[in-house]
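Since the structure comes first, as structure tokens, the remarks are kept for the end.
The values are calculated or read from the model by the stated rules, or taken from the named source; none is laboratory data. Not measured: the values here are computed from a predicted model. Quick reminder, even Gly has a Cβ in these numbers, built from the backbone with ideal geometry, and neighbours come from all protein chains shown.
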Amino acid sequence: MLQSQLTPYLSRKSLLASAASLLCLTLAGCNFVSLTDAGSQVAQYAPTDIAGCTFVGTVSSKTQDKVVVSRGNDKVREELIVIARNRAADLGATGIVAERQDTDGQQDFKAYRCD
């Protein structure tokens, strides 16, 4: 009799645990930031592409590289670039160049205005 009373509770508990796990795994693969209209006007360049451009500042990007589980490197890298493009747009930049590889969800970029 006790087992039949616990069965609905255990089923709900298992269902909630499964749903929470699925949500965490889904969020681990999702992007958390969006490219703004201004950020969409900022391009990512290689260092060799900025000859003749004017340096306007440095922008730092930081995002979560882990949300319960590690997020994919490509997702983290993409998000860091989006954040940098959005911030560079606030400086009036039209292009960014990565200063170094991303480390633990952080990366610095140099922002340039290329007319």
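Laid out as a table, the results:
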item: Filter pass, residue 82 being touching a Ser or Thr at 6+ places or on another chain (Cβ under 9 Å), of a type in the set (A, V, I, L, M) and at pLDDT 95 or above; result: yes
item: Qualifying residue in the stretch 94-108 (condition: of a type outside the set (D, E, K, R), within 17 Å of the chain's Cα centre (by Cα), outside any loop (DSSP other than H, G, I, E, B) and surrounded by fewer than 18 Cβ atoms within 10 Å (Cβ to Cβ)); result: yes
item: Test: residue in the stretch 22-39 that is at pLDDT 55 or above, not in a loop (DSSP other than H, G, I, E, B) and not hydrophobic (A, V, I, L, M, F, W, C); result: yes
item: Top-ranked residue in the stretch 69-93 [being surrounded by 14 or more Cβ atoms within 10 Å (Cβ to Cβ) and touching a helix residue (DSSP H, G or I) at 6+ places or on another chain (Cβ under 6 Å); ranked as farthest from residue 34 (Cα to Cα)]; result: 71
